[in-house]
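Below is one structure, written out as structure tokens, with a few remarks after it.
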């Protein structure tokens with residue numbers, strides 16, 4: 001008899017692999033579809049090799065219930081009915097599983113490579129083409145005009161108007177997930193810190209939570225507090241930088257030049273804590289490598305106050321300037337229905353009016369004890385994404401000021417027990433771009449049998465593509481900047 | 001009223017560009033540690049405390065002699081510094097670590113305890129590029145951190161433009177190629193094409209440990225082992241990622257625009 005339903009677990013916990021319910025693949029698809037129908041969200045969908053076959057694993061989130069659920073299929077090879085047809089949020093996951101394990105989702109409307117290499121370039125596959133004498137195609141990348149990571153954008157245009165945009169990535173693929181199998185090894189944590197350089201703290205925290213869940217440890221509270229501080233500093237730096245970059249793209253230089261500098265101030269605050277501007281070497285399984293002693297904390301608090309008031313002033317100019325508002329309004333609009341169907345996360349989803357934030361929905365670590373209000377703005381356009389970023393700058397700032405005044409005492413390091421064998425552990429961290437999801441499965445020795453990383457960009461790139469539909473191609477830069485998604489986080 | 005605000009703000013703040021290199025360089029964060037120093041002579045026979053803690057096997061020890069530390073593989077995590085009971089590996093707090101030759105990053109032997117800093121380009125190239133260097137940046141598997149700190153050099157605090165150094169959009173306009181990332185195999189073609197599109201004479205600058213050696217991804221079949229496996233490199237700037245000051249120092253150093261003693265300690269540890 002088949003098990004009645006998915007196994008439930010909370011963020012930052014583990015479950016024995018044997019307790020994850022197992023169904024035939026078509027039934028897993030059906031059951032997952034039914035939960036998504038009821039409003040659940042697909043966090044991860046991946047394959048685990050077993051014998052000569054592969055098991056599918058579904059990790060879904062019931063955001064309103066603050067609960068995660070996991071289920072798996074029996075090992076199989078060949079084809080299974082596609083979940084994407086009814087639930088577009090599965091589209092990229094199914095392509096990925098097909099690429100990595102050869103399981104074919106029958107009926108998938110756009111089955112092509114995700115990031116696999118083919119010699120000295122990615123195996124991109126054919127692009128969607130719009131026909132007609134008036135249609136032209138614009139190809140951009142992989143190498144772009146600025147100091148930015150590589151990716152390829154293929155626009156189908158009628159005059160200035162973009163009818164369709166397809167985004168082809170994979171250029172940054174470094175084989176992170178493959179390298180983690182059999183780990184952890186000496187280089188593992190560094191590789192995690194480099195999954196996406198601007199989300200170092202987010203990914204390192206997710207990895208630490210997974211490792212700690214596998215060890216069954218509650219690490220010192222002070223280290224959890226310090227991680228939460230670093231996570232918000234990361235958010236502040238990136239949001240401020242992106243708001244400056246948005247200002248630059250509409251030629252509004254006062255905010256652009258001020259924010260460029262203030263972003264550096266926030267990065268320097270992270271460096272004040274751990275020496276590295278991106279937070280490398282701070283988060284470690286078991287705690288944090290360094291502490292924030294009282295004198296350092298005082299310096300941090302006073303420099304933070306200065307940077308925040310500078311940011312408040314410089315970002316405020318954006319909303320005062322009618323020229324900026326008119327460029328941001330109604331540009332790159334994504335509707336709430338689209339964002340929900342696509343399973344979008346982070347500020348891009350919240351800018352469609354969706355209340356979705358892992359710190360609030362699935363609190364773990366320090367966020368069980370302290371939270372900032374979720375920042376939401378309706379509209380779904382560039383203005384909304386900019387406003388959400390701005391709200392988050394303010395709220396992260398307030399959160400940090402409160403936290404720095406109420407530091408918890410104690411140690412920041414602890415030794416972890418060996419990882420549990422044959423267990424599955426899950427961590428969701430709300431990084432500045434959205435939900436960073438790590439899922440680890442251990443073997444009989446407690447080493448990684450499989451390690452799945454879902455960067456928020458994995459959910460959100462398709463949102464950028466849809467936001468461009470019907471838009472003038474000249475609006476691509478501000479639309480792109482308003483999302484500012486990660487290439488390497490996607491490519492892994 | 002942003003119009004009035006922005007003007008008064010500008011007047012109040014004045015010039016925000018740092019005085020360096022005319023004035024002293026800004027201090028590195030105290031926990032940064034700067035370039036490392038390795039003195040193999042301090043290693044007692046049989047000691048191997050530092051070897052297992054290095055994430056990238058940047059620290060090695062052969063059958064004879066003390067430790068050898070390769071800053072081109074180093075992630076600057078300082079685990080070896082903490083592990084060493086004999087102070088054979090120490091932090092210098094010095095931001096300067098750019099070199100012309102890869103082997104100049106290998107530390108440890110007598111006389112080679114510290115980085116052998118880069119000298120300037122030869123006279124002909126210096127004449128061409130010394131006051132006007134146009135750079136094209138390519139991220140080849142870079143994680144975005146080194147790229148971010150390259151971007152920082154364009155902000156008002158650093159103002160790279162004052163040295164005549166500028167990042168350009170087209171390889172056709174570029175004198176130099178700045179590469180970040182370990183060079184993912186999927187970027188090899190694009191990297192070569194960019195290089196081929198640049199007119200001679202041209203130079204290559206590898207920014208960050210990933211670009212120098214592959215960094216934490218050394219050995220992954222999906223990546224090459226740094227830029228040198230594809231193109232000849234003229235300047236190596238280590239760091240994970242390098243601090244903007246380290247990058248700026250490297251650029252000015254190779255253009256012969258820093259006048260200082262051979263290894264006068266700048267900044268020092270606070």
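Give the residue that is farthest from the other protein chains (Cβ to nearest Cβ), with candidates limited to residues of the stretch B:36-63 that are in a loop (DSSP other than H, G, I, E, B) and within 24 Å of residue A:193 (Cβ to Cβ). Going through the qualifying residues, I end up with B:49.
Being surrounded by 16 or more Cβ atoms within 10 Å (Cβ to Cβ), touching a residue at least 24 places away in the same chain (Cβ under 8 Å), within 30 Å of residue A:193 (Cβ to Cβ) and more than 11 Å from chain A (Cβ to nearest Cβ) is not true of residue B:33.
Put simply, of A:182, A:216 the only residue that is at positive phi, away from chain B (no Cβ under 14 Å) and out of contact with any helix residue (DSSP H, G or I) (no Cβ under 9 Å at 6 or more places or on another chain) is A:216.
Kindly indicate the residue of the stretch A:290-304 that is in contact (Cβ under 8 Å) with a residue 60 or more places away in the chain and in contact with a helix residue (DSSP H, G or I) (Cβ under 7 Å, 6 or more places away or on another chain) and also farthest from the other protein chains (Cβ to nearest Cβ) among those meeting that condition. Ranking the qualifying residues of the stretch A:290-304, first place goes to A:301. Evaluate the stretch A:89-98: report whether one residue or more is out of contact with any helix residue (DSSP H, G or I) (no Cβ under 6 Å at 6 or more places or on another chain), free of Cβ contacts under 8 Å to residues at least 12 places away in the same chain and not assigned by TED's automatic domain parsing to the domain that holds residue A:356. Checked the stretch A:89-98: no residue is out of contact with any helix residue (DSSP H, G or I) (no Cβ under 6 Å at 6 or more places or on another chain), free of Cβ contacts under 8 Å to residues at least 12 places away in the same chain and not assigned by TED's automatic domain parsing to the domain that holds residue A:356. Hey, among the residues in the stretch B:137-146 that are touching a residue at least 40 places away in the same chain (Cβ under 8 Å) and at the interface with another protein chain (Cβ under 7 Å from one of its Cβ atoms), which one's farthest from residue B:244 (Cα to Cα)? In this case the residue turns out to be B:141.
Just one of (1) within 14 Å of another protein chain (Cβ to nearest Cβ); (2) surrounded by 24 or more Cβ atoms within 10 Å (Cβ to Cβ); (3) touching a helix residue (DSSP H, G or I) at 6+ places or on another chain (Cβ under 6 Å) fails for residue A:484. It is (2). State whether one or more residues within the stretch A:305-324 are at positive phi, part of a loop (DSSP other than H, G, I, E, B) and either within 14 Å of chain B (Cβ to nearest Cβ) or in contact with a helix residue (DSSP H, G or I) (Cβ under 8 Å, 6 or more places away or on another chain) (or both). So far as the stretch A:305-324 goes, no, none of its residues is at positive phi, part of a loop (DSSP other than H, G, I, E, B) and either within 14 Å of chain B (Cβ to nearest Cβ) or in contact with a helix residue (DSSP H, G or I) (Cβ under 8 Å, 6 or more places away or on another chain) (or both).
Being within 22 Å of residue A:139 (Cβ to Cβ), in contact (Cβ under 8 Å) with a residue 12 or more places away in the chain, in a helix (DSSP H, G or I) and within 14 Å of another protein chain (Cβ to nearest Cβ), is that true of even one residue in the stretch A:463-471? Among the residues of the stretch A:463-471, not one is within 22 Å of residue A:139 (Cβ to Cβ), in contact (Cβ under 8 Å) with a residue 12 or more places away in the chain, in a helix (DSSP H, G or I) and within 14 Å of another protein chain (Cβ to nearest Cβ), which makes the answer no. Looking at the stretch B:148-167, can you tell me whether even one residue there is more than 7 Å from every other protein chain (Cβ to nearest Cβ), within 30 Å of residue A:123 (Cα to Cα) and crowded, with 19+ Cβ neighbours inside 10 Å? No, every residue in the stretch B:148-167 fails to be more than 7 Å from every other protein chain (Cβ to nearest Cβ), within 30 Å of residue A:123 (Cα to Cα) and crowded, with 19+ Cβ neighbours inside 10 Å. Residues considered: B:141, B:130. Of these, the only one that is closer than 23 Å to residue A:197 by Cβ and assigned by TED's automatic domain parsing to the domain that holds residue B:172 is B:141.
Of all residues in the stretch B:78-99, exactly one satisfies the criterion of being within 12 Å of another protein chain (Cβ to nearest Cβ), in contact (Cβ under 8 Å) with a residue 60 or more places away in the chain and touching a helix residue (DSSP H, G or I) at 6+ places or on another chain (Cβ under 8 Å), namely B:91.
The residue that is farthest from the other protein chains (Cβ to nearest Cβ), among those in the stretch A:115-139 that are surrounded by fewer than 16 Cβ atoms within 10 Å (Cβ to Cβ) and outside any loop (DSSP other than H, G, I, E, B), is A:135.
The selection criterion, being away from every other protein chain (no Cβ under 12 Å), surrounded by 22 or more Cβ atoms within 10 Å (Cβ to Cβ) and at pLDDT below 95, holds for residue B:254. Take the residues in the stretch B:1-24 that are part of a loop (DSSP other than H, G, I, E, B) and surrounded by 11 or more Cβ atoms within 10 Å (Cβ to Cβ), then tell me which one is nearest to the other protein chains (Cβ to nearest Cβ). Per the criteria, the residue is B:16. Among residues belonging to the stretch A:156-170 that are in a loop (DSSP other than H, G, I, E, B) and out of contact with any strand residue (DSSP E or B) (no Cβ under 6 Å at 6 or more places or on another chain), point out the one that is farthest from the other protein chains (Cβ to nearest Cβ). That would be A:159. When the test is whether a residue is outside any loop (DSSP other than H, G, I, E, B), in contact with a strand residue (DSSP E or B) (Cβ under 9 Å, 6 or more places away or on another chain) and within 14 Å of another protein chain (Cβ to nearest Cβ), residue B:74 does not pass it. Check the stretch A:461-468 and report whether any residue there is under 24 Å from residue A:230 (Cβ atoms), modelled with pLDDT of 95 or more and buried (at least 23 other Cβ atoms within 10 Å of the Cβ). Checked the stretch A:461-468: no residue is under 24 Å from residue A:230 (Cβ atoms), modelled with pLDDT of 95 or more and buried (at least 23 other Cβ atoms within 10 Å of the Cβ).
Taking the stretch B:173-202 as the range and being touching a helix residue (DSSP H, G or I) at 6+ places or on another chain (Cβ under 9 Å), farther than 17 Å from residue A:147 by Cβ and assigned to a loop (DSSP other than H, G, I, E, B) as the test, the residues that pass are B:182, B:199, B:201, B:202. Considering A:59, A:68, A:83, the condition of being surrounded by 20 or more Cβ atoms within 10 Å (Cβ to Cβ) and assigned to a loop (DSSP other than H, G, I, E, B) is satisfied by A:83 alone.
Every residue, every condition in (1) under 27 Å from the mean Cα position of the chain (by Cα); (2) in contact (Cβ under 8 Å) with a residue 24 or more places away in the chain; (3) not assigned by TED's automatic domain parsing to the domain that holds residue A:457, yes or no:
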residue: A:129; (1), (2), (3): no, yes, yes
residue: A:138; (1), (2), (3): no, yes, yes
residue: A:146; (1), (2), (3): yes, no, yes
residue: A:157; (1), (2), (3): no, yes, yes
residue: A:161; (1), (2), (3): no, yes, yes
residue: A:170; (1), (2), (3): yes, yes, yes
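Taking the residues in the stretch B:215-224 that are at the interface with another protein chain (Cβ under 9 Å from one of its Cβ atoms) and not in a helix (DSSP H, G or I) as candidates, determine which candidate is nearest to residue B:238 (Cα to Cα). Result: B:218.
The values are calculated or read from the model by the stated rules, or taken from the named source; none is laboratory data. These figures come from a predicted structure and were not determined experimentally. Quick reminder, even Gly has a Cβ in these numbers, built from the backbone with ideal geometry, and neighbours come from all protein chains shown.
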